[in-house]
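Reading through the C-alpha cells given below for one structure.
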Amino acid sequence: MTQRLLFRATGSARPGQLAALGEALALAGARLLDINQSVTFDIVTLEALVALEDDYAQPEALTGMIDHASERTGLAIQAVQVSPEDYAGWSDNAGRPRLIMTLLAPTLPAQVLSEVGRMTAAHDLTIELIHRLSGRESLDGEVTEKGACVEIWLRGEVDIDGLRRVALDVGSTHGVDIAIQEDSIWRRHRRVICFDMDSTLIKTEVIDELARRHGVGDEVAEITERAMRGELDFKQSFRARMSKLAGLDESVLEDIAENLPLMDGVEELMRQLKRLGYRTAILSGGFTYFAHYLQKRLGFDEVHANELIIQDGKVTGEVAEPIVDADRKAQLLSEIAEREGICLEQTIAVGDGANDLKMLATAGLGIAFRAKPLVREQARQSISTLGLDAVLYLIGYRRQDLEALESP
C-alpha cells in the first residue's frame, strides 16, 4: 500500500543539500509528488511531498533515512504523514483557479498583512506563495523610489469583483494599492499597452492649461464641472470647451508642449517596455499636437488623439472628426490588437478618467492610474501610491530581473 509523507527540512543553506536529500529519498524508492524551497537570510526551508511503499514507510526505516539525510545535509528534517483525505483535498485545491494579489506602496505596513490574511481566509482562499517583486531596502533604511511590492498567489473559487471591493477598502485604509488578477497564460505574455495622455502620461490637463493661457480658464472649468455632473456628455463638453479657445496663438501650444510635466515613472516604464518588446500607443481625448511631442520624446509607436484645426497661426476652436471619446478609445485598442495579430487578453490599458473606463474594460489588463474614487471603484485594477513604472509589477516583472537586463 502506498503512503504519502511530507518531508520538511530547515537549517542553514549550503550547496549540495538538495542532492543529499534527493539521494536519500531515491534510496527509499520515493516518488516525488510536489516540492517547494525558499531561502531567507541563508535559512533554507525545503518541503517535499512524496509517495512511499509500506516497506519503506515503516517507522524504523523512516528514522534511519531521516537521520542519514540530516547528517549529510546539516538540516533538521521531519516527516509528516499525509492522510488520504488531506491528499485528496490538496489535489482538489490544486485544480481550483489561481489568483494573483499584488500589494504596492512606498512602504508596506505589517498591519496590511494581517488584514490581507483575514480577507483571504474570509473568502476561503489558500495562500500558495508570497514573494517580493521590488528591490531591497538600503541598509540605512532609505525608502526606494521604486516603492515596495509583494506578490501573493492564491487558490480558490471566489466572487472576484466582491473581493476587489473589499481589497479596495483595505488598501485605502492602509495607503496600499491591492490589485487582484486571475492568473492565466496571458499574464506574462502581454504585447500591446495603450495610455491615456492627460493626467496619466503627464501631470496636467492640456486643455485647462490652454484655457488659462487664453484667459478663459474659469469658463472652461465651469463646462468641465457641468460634464462631471452629467449635464453634458464628453463630445458636448469637449466642443464647448474647444469653442472657448478660438483665436489662441499657435506659439502658446509650442511653449506648453516643450514644457509638459512628465508623470512620475513614465520614462523608466517606457524604457523597459521598449526593451521588452511591447508596442506602445497613446489613445487620448487630448490633442495630437502634444501627443506627438511625447511620441518623439518617449518613443511611442503610435498616437491617436484629437486633431486641432489651426488656420493662419490661430486655433479655430474646432477639431477634426472623429472625436476620440470613450467609445473611440475602446475601438482603437481593439483595432490595434487585431492589426498586431494578438488577442485582447494580451493588451494593457492605463488611464485616469471616466472616459477611459471602456478602454480599461476592453483590455486584458485595465489599470486606473491616480484616478478619482469613482474610476478606481469601477476599474479592475488601480495604482495610486507609486509612479507609472509600477505597471511593471502588475505584469509580474521583478525589479531584480529588470536591473539584470541592464548589466553589461
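The values are calculated or read from the model by the stated rules, or taken from the named source; none is laboratory data. All values reported here derive from a predicted model rather than from experimental measurement. So basically every Cβ, Gly included, is an ideal-geometry build from the backbone, and we count neighbours across all protein chains shown. These accessible areas exclude ligands, DNA and RNA; they are computed on the full protein's heavy atoms, side chains included. Shrake-Rupley method; radii C 1.70, N 1.55, O 1.52, S 1.80 Å.
Quick notes
Matching residues to (1) assigned to a helix (DSSP H, G or I); (2) under 11 Å from the mean Cα position of the chain (by Cα):
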position: Lys358; (1), (2): yes, no
position: Ala371; (1), (2): no, no
position: Tyr397; (1), (2): no, yes
position: Leu405; (1), (2): yes, no
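- Members of region 222-251 that are at pLDDT 90 or above and farther than 15 Å from Glu205 by Cα: Ser243, Lys244, Ala246, Gly247, Leu248, Asp249, Glu250, Ser251
- Only one entry of Gly265, Gly215 meets the criterion of being on the phi > 0 side of the Ramachandran plot, in contact (Cβ under 8 Å) with a residue 24 or more places away in the chain and either of a type in the set (Gly, Ala, Ser) or open to solvent by 60 Å² or more (accessible area, probe 1.4 Å) (or both), and that entry is Gly265.
- Looking across region 329-338 at every residue that is touching a residue at least 24 places away in the same chain (Cβ under 8 Å) and farther than 13 Å from Gly286 by Cα, the one that is most open to solvent (accessible area, probe 1.4 Å) is identified as Ser334.
- Residue selected from region 35-61 under the condition open to solvent by less than 70 Å² (accessible area, probe 1.4 Å) and over 13 Å from Ala79 (Cα atoms), by the criterion modelled with the lowest pLDDT: Asp54
- Elements of the type strands (runs of 3 or more DSSP E) sitting completely within region 224-315 and holding at least 3 residues that are among the hydrophobic types (A, V, I, L, M, F, W, C): these cover 279-287, 308-311.
- Per-region count, region 187-202, residues open to solvent by 60 Å² or more (accessible area, probe 1.4 Å) and either over 21 Å from the mean Cα position of the chain (by Cα) or among the aliphatic types (A, V, I, L, M) (or both): 0
Conditions (1) of a type outside the set (Val, Ile, Thr); (2) in a loop (DSSP other than H, G, I, E, B); (3) under 21 Å from Ala368 (Cα atoms); (4) within 21 Å of the chain's Cα centre (by Cα), marked per residue:
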site	(1), (2), (3), (4)
Val150	no, no, yes, yes
Gly171	yes, no, yes, yes
Ile185	no, yes, no, yes
Gly215	yes, yes, no, no
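- Considering region 1-18, and only residues there that are out of contact with any strand residue (DSSP E or B) (no Cβ under 6 Å at 6 or more places or on another chain) and open to solvent by 70 Å² or more (accessible area, probe 1.4 Å), the residue that is modelled with the lowest pLDDT turns out to be Met1.
- Candidate set from region 365-392 (those that are in contact (Cβ under 8 Å) with a residue 60 or more places away in the chain and of a type in the set (Gly, Ala, Ser)); member that is nearest to Glu182 (Cα to Cα): Ser382
- Restricting Asp356, Asp325 to residues that are buried (at least 23 other Cβ atoms within 10 Å of the Cβ) and at pLDDT below 95 narrows the list to Asp356.
- Every residue from region 368-378 that is closer than 13 Å to Gly353 by Cβ and either buried (at least 22 other Cβ atoms within 10 Å of the Cβ) or out of contact with any Asp or Glu (no Cβ under 8 Å at 6 or more places or on another chain) (or both): Ala368, Phe369, Ala371, Pro373, Leu374, Arg376, Gln378
- Met101 meets each of the listed conditions (1) open to solvent by 30 Å² or more (accessible area, probe 1.4 Å); (2) at pLDDT 85 or above; (3) under 16 Å from the mean Cα position of the chain (by Cα) apart from (1).
- Filter result (out of contact with any strand residue (DSSP E or B) (no Cβ under 7 Å at 6 or more places or on another chain) and open to solvent by less than 60 Å² (accessible area, probe 1.4 Å)) within region 239-255: Ala240, Arg241, Val252, Leu253
- Answer residue from region 339-353, given it is assigned to a loop (DSSP other than H, G, I, E, B) and closer than 23 Å to Leu276 by Cα and is most open to solvent (accessible area, probe 1.4 Å) among those: Gly341
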